[in-house]
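Down below is the structure, laid out as structure tokens.
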Amino acid sequence: MRRPLIAGNWKMFKTTGEARALVNGLKESLAGNNGVEVAFCPPFTALAAVAELVAGTPFQLGAQNLFWEDEGAYTGEISGLMLKDLGCCYVIIGHSERRQYFGETDEQVNKKVKAAFKHGLEPILCVGETLAQREAGETEQLVKTQVEKALAGVPAEAAQRIVIAYEPIWAIGTGRSSSGADAGRVTGLIRQTLAALYSPELAGKIRILYGGSVKPGNIEEFMAEPEIDGALVGGASLDINSFTGIVLYNTD
Ligand code: 13P
């Protein structure tokens, strides 16, 4: 049985004071949790503050990026060693915004995935197609290639701890989400890719999330899909009410 995971990707939002207020509010509103694992992924600057607030709670901490070296003359970068030291459990890798604005390649994503595993962090690997790629019928091949390249050289013991987020780029921050059925189809394809790379048994253990305009009003549609094990939430994770509505999707 895969435990559902709902992770909030705060992107470049929230000062430390705002981060504290959001987490304190969510600790109250999510007190009666429903079996869903919840992770907060604040910007680097708020990780320490959020780490303090979630220590000893069921909430997990995640970062939004890492560099693949442990230390060195890499101005502006942050390593897996440092994230682990701060109490991170997860790290988002290969988000489409990083691929698009910072030129991250599949090869770099692969190095980052390996660095995360080296430090006991669980990568939340993001894959997904642009609108043009979707319209050209390239979604399946692209997503398959992204998964294969990200996991190149990653042994099965590590790979079984990865989380994959299918985030169609045209659905991110646009209010235009994928349909549950379509997201379920692509996540199913990702699981088949994992089964071919490793084994059906291992693929059955890996959590695959959907991301892209997830809100309280559409989360149930995604969670109803057997291949979808949770969500990576952007904009709606920045607000207490909307994130609570998403996490508690199956309670009245
Ligand atoms: P939105 O939920 O704002 O569409 O963002 C999705 C996302 O990119 C999560 O990583």
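The values are calculated or read from the model by the stated rules, or taken from the named source; none is laboratory data. Worth saying up front: this structure is predicted, and the values here are computed from it rather than measured. In this analysis, Cβ positions are derived from the backbone assuming ideal geometry, glycine residues included, and neighbour counts consider all displayed protein chains. Surface areas here come from the heavy atoms of the whole protein model, side chains and all, with no ligands, DNA or RNA. Shrake-Rupley method; radii C 1.70, N 1.55, O 1.52, S 1.80 Å.
Points to keep in mind about this one:
- Long hydrophobic helices in the chain, taken as whole DSSP H segments with a C-alpha length of 24 Å or more on their own axis and mean Kyte-Doolittle hydropathy at least -1.0: 180-197.
- Solvent exposure, largest accessible area first (probe 1.4 Å, DNA, RNA and ligands not counted), of Thr139, Thr75, Thr16: Thr75, Thr16, Thr139
- Once all protein chains are placed together, Lys149 keeps about 80 Å² accessible to a 1.4 angstrom probe.
- Ligands, DNA and RNA excluded, the heavy atoms of Asp70 present near 40 Å² of accessible surface to a 1.4 Å solvent probe.
- Two-decimal ratio, region 1-89, of alpha-carbon radius of gyration to 2.2 N^0.38 Å: 1.14
- In the chain, the alpha-carbon atoms span a convex hull of 119 Å³ per residue.
- Here the accessible area of the chain is 53 percent carbon and sulfur, with a 1.4 angstrom probe and all protein chains present.
- Ranking Glu157, Glu138, Glu167 by solvent-accessible area of protein heavy atoms (1.4 Å probe, all protein chains present), from largest to smallest, gives Glu157, Glu138, Glu167.
- Over the chain, accessible surface divided per residue gives 43 Å², non-protein components excluded, 1.4 Å probe.
- Subset of Lys27/Lys144; Lys27/Lys111; Lys118/Lys215; Lys14/Lys144; Lys112/Lys205 violating a 32 Å alpha-carbon distance limit: Lys27/Lys144; Lys27/Lys111; Lys118/Lys215; Lys14/Lys144
- With all protein chains modelled, accessible area of Met82 [1.4 Å, Å²]: 90
- With the simple spin-label model, which puts each label point 7 Å out from Cα in the Cβ direction, the Phe102 to Glu138 separation comes to 2.3 nm.
- When exposed loop sites are taken as chymotrypsin sites (Phe, Trp or Tyr not before Pro) in a DSSP loop with at most 14 other Cβ atoms within 10 Å, the longest stretch of the chain clear of them is 103-252.
- Applying D = kT/(6 pi eta Rh) to region 116-252, where Rh is the Kirkwood radius over alpha-carbon pairs, T corresponds to 37 °C and eta to 0.692 mPa s, the Stokes-Einstein value obtained is 214 µm²/s.
- Note on region 177-252 and region 109-134: Cα centroid distance 16 Å, given to the nearest whole angstrom.
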